[in-house]
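This report concerns only the one structure given below.
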Amino acid sequence: MSLLLDENSKVVIQGFGSAGQREAIICRDYGTSVVAGVTPGKGGQEIEGFPIRNTVQEAVDEFNANVSLIFVPAPFAADAILEAVGAQIPVIICITENIPVLDMMRVKRVLTTSDSILIGPNCPGVINVGAHARAGIMPVDVYTEGNVGVISRSGTLVYEAVDQLTKVGVGQSGSIGVGGDPIIGTNQAQALALLEDDPNTAAVVLIGEIGGTAEQEAAEFIKTMSKPVVAFIAGATAPPGRRMGHAGAIIAGAAGTAEAKQSALREAGAHVVENPGDIGSTMLNVLKNQGLA
Amino acid sequence: MSLLLDENSKVVIQGFGSAGQREAIICRDYGTSVVAGVTPGKGGQEIEGFPIRNTVQEAVDEFNANVSLIFVPAPFAADAILEAVGAQIPVIICITENIPVLDMMRVKRVLTTSDSILIGPNCPGVINVGAHARAGIMPVDVYTEGNVGVISRSGTLVYEAVDQLTKVGVGQSGSIGVGGDPIIGTNQAQALALLEDDPNTAAVVLIGEIGGTAEQEAAEFIKTMSKPVVAFIAGATAPPGRRMGHAGAIIAGAAGTAEAKQSALREAGAHVVENPGDIGSTMLNVLKNQGLA
Amino acid sequence: MKLHEYQAKELLAEYGVPVPAGSIATTPEEAAEAAAGIGGAVVVKAQAHTGARGKAGGVKVANSAEEAGTIAQEILGMNLVTNQTGPSGLPVNSVLIEEAIEIDRELYLSVAIDGSAAMPVIIASQEGGMDIEEVAAQRPEAILREYIDPAAGFQGFQARALAFGLGLTGDLNRPATSLIESLAKAFMESDGSIAEINPVVVTKDGRLLAADAKFSIDDSAMFRQKSLDEKRDRTQEAEKELEAQDAGIQNYIKLDGNIGCLVNGAGLAMSTLDAIKMAGGDAANFLDIGTANSPEAVVSALRIIGTDPDVEAVLVNIFGGLARTDIIAQGVIDAKNQGLIPQPTVIRLAGSNVNEGNELLDKSGLELVRADGFAQAAQAAVDAIS
Amino acid sequence: MKLHEYQAKELLAEYGVPVPAGSIATTPEEAAEAAAGIGGAVVVKAQAHTGARGKAGGVKVANSAEEAGTIAQEILGMNLVTNQTGPSGLPVNSVLIEEAIEIDRELYLSVAIDGSAAMPVIIASQEGGMDIEEVAAQRPEAILREYIDPAAGFQGFQARALAFGLGLTGDLNRPATSLIESLAKAFMESDGSIAEINPVVVTKDGRLLAADAKFSIDDSAMFRQKSLDEKRDRTQEAEKELEAQDAGIQNYIKLDGNIGCLVNGAGLAMSTLDAIKMAGGDAANFLDIGTANSPEAVVSALRIIGTDPDVEAVLVNIFGGLARTDIIAQGVIDAKNQGLIPQPTVIRLAGSNVNEGNELLDKSGLELVRADGFAQAAQAAVDAIS
């Protein structure tokens, strides 16, 4: 599953409150198989047509759930991720934001010896457009089927990039929102590797941010890629030393600046966009030049 | 390094007190390269001709140490093992007994994501007879060079088995004392795999004990082995429910009994010895029958 | 959440980190009294959430209790302006009175989160008291690092490696490993995001002391750090940011420009700032409304923007996901109708329920500049001013 | 180290595990007083380091304070003989007086170390109050397991999985997850080796209680569990074993035979027992001298063996590694010369310094049966008696 989801994905939703329910319905309407919700203590109920279970393991045993989408509140979200890991769910997507960093550190340590892939937390999730498989919170009507994959730390910038692509007539294979926290399950380089392997993806939009070194690691991987990459780094004009929502955006040393990231990406062969409004048009040009559109 | 040690082994000794010093000298006299001792605060000194360093990393940087032999007292032994892991020592051998179980649990968790191999704790160490490489506390004069490898949870039973082999004229490739604690770095099955791969080993003596299920796991591996195995289980006559030195010897359920272990080993094709005095003679017969002696 | 130096030292001291003798004072009298209690020369240190306090006149030596009082009189009530505070500075409401120490050596020690490694990392250097980022850039080999593996916790050998690496041998070795272990424990148990002791000093009389200390707590973990939450000093946070917090908006930052921004998502919000800059303007703030799903939350956010005297135009840039554009639209209409944002207002909606959102705006009859792409929106906002 | 039931309950209660109202009494008067304080029917429970106390007459219900006193009078001072104590039994020096509970359901809950997984494991079953090993053997699906991964610690979802698996839903679910989390925390922080609550009961009035509790501490961790070490009750340990402990010998166990054994290494010691059995004899003890490297330690060990009235012959079986055979030989010679082991003595030395050791024996002029292999040594010891 290069795009993490496909026609065989069976999604269980952990934390079936109002957001969980609303997104479950949107996923189902989009064509995704949402097999159960998990809310401890509500096992056996049915909400909005979805069966509710007490534990993820029950959802796996009864419904063969193989994707978990997590909306559990931050103080309990790490526990929810570990529950999905314990139930050996292969793809775990955590939407929740503001999870304590030390909780995520422990989750990551457990993941080092697990086969589960975690996307997020603090992310918009994943969508496979061709398979009509959505496990996330992204608005579906901006997507059109095509061959460009989008990877981003920021959720709204996924939508923005997809919208621009759609408006210039470039469809998408899907998108992976890797999440904006300092500690995330799958980084940009790993997400790039998934899209490099995905037969339905011909080119990639990568949206990074100031702070950390994840874009430099992504640049290293881009050097090995066969598919073209259009990249944008958000926060080029942000004043240093202020936390702008994503902890990853603290500028820590020279590696964290937009300039450093842009130049690493350029050197790796990525097409770096400076104006966030130019993502769609740049990709269209790249595809045309390479005979892909 | 199927036998974990060879001519290129460079041993650093952590905990250079009286036992460490004594064994360092025996190792050196045997022909093993003991490159340094580590005692924090004594860095820069020289003891018995061995340079002392404050940290394992220094011994690695300066002397290319690639084996660590640990005599550090129990309360600090887990820290010492983790120091060797942190310095990326490939083979770590811990002699220390009475390490708290929860400390060893944490060590094992770290080892799940490390390339280091830990032997012990609470073990006599490892010897490669042909390479004159000794990292342990075993008496060297009972060994003679040959092609039988010995694996044991108990230290003194390694010596006993080797002595019996030598007395019946069967030499040894070496021995691996895996240790008698409930949580050990390398179990019997993993040690068997090392000897199965060792070109200098033609047959194996496996000495187990009552308690736990390690011998059943070893039996599973024996089914896949090309080399003959002679096995003995200590404690057949021990009264149930009493702890006899090794925590592993608590009889927990039917799997822990000598009968259960002996029958698992027999089913796997091992030659099971009932009288501990018959280990050497049984191996001699097995080798003769297979044309190996 | 940031702690003051004196709070950071209190916390570290609870875990066994040795700190200079000292006490906190909020009046010159208390300062003189504290100095008398300590005896001899003391240092009077302004307590404000910024570094570089010395250069700004916030740290002074007093040779007597009386002088300590006089200096405290000067410092208390100061507005401390440093390169970290912005031009408005930070008020000084308390001073830390500490024994003056004779320094032999200055070392650097900190704990931070390494996102790539997904572990906290202890950072140490013999080059304390200086700009550590400079040292890291120029001489990376002068920086020692030890990671805290959650599977085992911080280990003694790591503390020893750092202590030896800092040159703290002999009689200083055990106090040093103990200090480092205490720092690591304090960080882990307090959900630290950054803890810095710069400098750790070796005094001329052979003591090891945390001469200065910074400690920040992970904002996401405050729910389980109640006792630290009580140490929050709201006087150190900008008024507008506090207002935003009280309205439930976590991510509001005041900036120097004149275009007020309301955006959802940190990435889009940063990009909006970038787009404004590229259009030739400057944002007055960063505001991530997040997934706030009620018109009231939007109204609160727009009140903060609209009442900012620097704001000459408002830019609303929303790409709905969990946040619904129709709810945002309703909030903007309500705020306009209540006169909260009299400034020219540019609005761009996309994403979930965008048709409903745009319809609400159409029907409102309000004078709003509508934009489609967000680069155009940024341009429109800049144009609205010039 | 084992705790008494009342100590285990005190410890668990500190961590938030609900236990029945109760208190400890060492006299009938205290027992009556405690029963009066609790009110109504109470259970009087003998405190001794063994299970199956009920069958042995160590647990009785009293319907009044007066009756509690009478029953305590019977139980206190008993020598409790169960299938776990051996024929000599264990003295009862205190009784736990507890409220009598009306039981609706009995469940099983424990924590132990799983050596293969290298993690503690919480074990739970709906079939409480019974022989759990029997349940595990017959109906393995009735046993629930959750491992404690040290990288993350015990997690809430695991406690929930166990609570739901135990059928503790509805109002009982939260108390159940809380009880399980408390048990796990107590185990981890106390260096537990085994902690068992059997049964956990659901009372008829809907409470969840730890009706019985066992707790053992890892002997290797006692150095950092000082407060638990203070709870050690030496009256529950065999006199000879205490003597051995005092002599610094960790591993001495009294057995039923008549051949006293001094061996180095637990594996060799067990095998020596096996060899004696095969030679038709029975060992009087298990004694692992370990690496004790002084003649004095050997003398102390032999004094314990020699003064055991059951011992009719002594077998010394040493394969030197860290332990040196010459030192052991000297100890044996000293003990013989001091008349501490008048019994016929068989000695077999091998391994480090064996030539020096044998030479010492040769020169001693003492009457010692010498053996080469250890099967022969065992045979010689059996022959020495018959």
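Some notes on this structure:
- Inter-centroid distance (Cα atoms) of region A:60-122 relative to region D:1-29, Å: 39 Å
- When only Cα pairs below 8 angstrom with a gap of at least 6 residues are kept, chain D shows a relative contact order of 12 percent.
- Helix axis angle, A:74-86 relative to chain A longest principal axis, alpha carbon, degrees: 80 degrees
- Straight-distance candidates among the lysines for linking to B:Lys10, with alpha-carbon spacing under 30 Å and chain neighbours fewer than 8 residues away dropped: B:Lys42, B:Lys108, B:Lys227.
- Between the amide H of C:Ile347 and those of C:Val316, C:Val369, C:Arg370, C:Ala371, distances stay under 5 Å, these residues lying 5 or more places away or on another chain, with hydrogens modeled in the peptide plane.
- Measuring between their Cα centroids, region C:140-211 and region D:111-189 lie 38 Å from each other.
- Listed by chain and number, the aspartates and glutamates whose alpha-carbon sits under 17 Å from that of D:Lys231, ignoring those within fewer than 8 places in the same chain, are D:Glu5, D:Glu10, D:Glu14, D:Glu189, D:Asp191, D:Asp218, D:Asp219.
- Cβ-to-Cβ counts within 10 Å put C:Ser94, A:Ser68, C:Ser178 in ascending order as C:Ser178, C:Ser94, A:Ser68, the fewest first.
- Listed pairs D:Lys2/D:Lys254; D:Lys240/D:Lys336; B:Lys261/D:Lys185; C:Lys2/D:Lys185 exceeding 25 Å between Cα atoms: B:Lys261/D:Lys185; C:Lys2/D:Lys185
- Positive-end ranking of C:Gly86, C:Ala56, C:Gly37 along the dipole of region C:21-100, with charges on Cβ about the Cα centre, is headed by C:Gly86.
- Table column - 3J(HN,Hα) (Hz), region D:302-314, Karplus curve with 6.51, -1.76, 1.60, x for Gly and Pro: 6, 4, 4, 5, x, 8, 6, x, 6, 7, 10, 8, 10
- Scattering profile of the protein assembly as shown at q = 0.04, 0.05, 0.08, 0.09 Å⁻¹ [log10 I(q)/I(0), Debye over alpha-carbon scatterers]: -0.30, -0.47, -1.11, -1.28
- Stokes-Einstein, applied to the Kirkwood radius of region C:21-100 over Cα pairs at a viscosity of 0.890 mPa s and 25 °C, places its translational diffusion at 204 µm² s⁻¹.
- In region A:16-45, trypsin sites (Lys or Arg not before Pro) in a DSSP loop with at most 16 other beta-carbon atoms within 10 Å: A:Lys42
- Ellipticity estimate at 222 nm from DSSP helix runs (n ≥ 4, -39,500 (n - 2.57)) divided over the protein assembly as shown, nearest 500: -10500 deg cm²/dmol
- Sequence-distant residues sharing a close amide H with B:Leu69 (under 5 Å, placed H): B:Val12, B:Ile13, B:Gln14, B:Ile93
- Sum of side-chain charges, C:Asn258 neighbourhood, beta-carbon under 15 Å (Lys, Arg +1; Asp, Glu -1): -3
- Of the residues D:Phe319, A:Phe76, the one with the fewest other Cβ atoms within 10 Å heads the list, and the complete ranking is A:Phe76, D:Phe319.
- Based on C-alpha pairs under 8 angstrom that are at least 6 apart in sequence, chain B has a relative contact order of 14 percent.
- Applying the Karplus relation 6.51 cos²θ - 1.76 cosθ + 1.60 with θ = phi - 60° to region C:207-218 yields 3J(HN,Hα) values of 9, 10, 9, 7, 6, 9, 8, 10, 8, 10, 9, 4 Hz, where x marks Gly and Pro.
- Unit Cα scatterers, Debye sum, region B:1-135: log10 I(q)/I(0) for q = 0.09, 0.10, 0.22 Å⁻¹: -0.22, -0.27, -1.40
- Per-residue ³J(HN,Hα) for region A:180-194, Karplus 6.51 cos²θ - 1.76 cosθ + 1.60, θ = phi - 60°, Hz, x for Gly and Pro: x, 7, x, 10, 10, x, 10, 8, 4, 4, 5, 5, 4, 4, 4
- Local net charge near B:Ile176, Cβ-Cβ under 13 Å (Lys/Arg +1, Asp/Glu -1): -1
- Look at the alpha carbon pairs under 8 Å that are at least 6 residues apart: their mean separation over the length of region D:21-100 gives a relative contact order of 44 percent.
- Shown here for region C:142-220: chymotrypsin sites (Phe, Trp or Tyr not before Pro) in loop regions (DSSP other than H, G, I, E, B) with at most 10 other Cβ atoms within 10 Å, of which there are none.
- Exposed loop sites here mean trypsin sites (Lys or Arg not before Pro) with a DSSP loop assignment and at most 16 other beta-carbon atoms within 10 Å; chain D contains its longest site-free run at D:233-386.
- Angle in degrees between helix D:28-38 and the longest Cα principal axis of chain D, rounded to the nearest 10: 30 degrees
- For B:Ile117, the residues whose modelled amide H falls within less than 5 Å of its own, excluding neighbours fewer than 5 places apart on the same chain, are B:Val91, B:Ile92.
- Listed residues A:Ile279, A:Gly136, A:Gly174: farthest to the positive end of the dipole of chain A (Cβ charges): A:Ile279
- Positive contributions from Lys and Arg (+1) and negative ones from Asp and Glu (-1), summed over other residues with Cβ under 12 Å from the Cβ of D:Gln158, come out at -3.
- Angle in degrees between helix D:325-337 and the longest Cα principal axis of chain D, rounded to the nearest 10: 80 degrees
Just so you know, all these numbers are worked out from the coordinates, no wet-lab data involved. Quantities reported herein were computed from a predicted structural model and do not represent experimental measurements. Cβ coordinates were reconstructed from backbone atoms using ideal geometry, including for glycine residues, and neighbour counts include every protein chain displayed.
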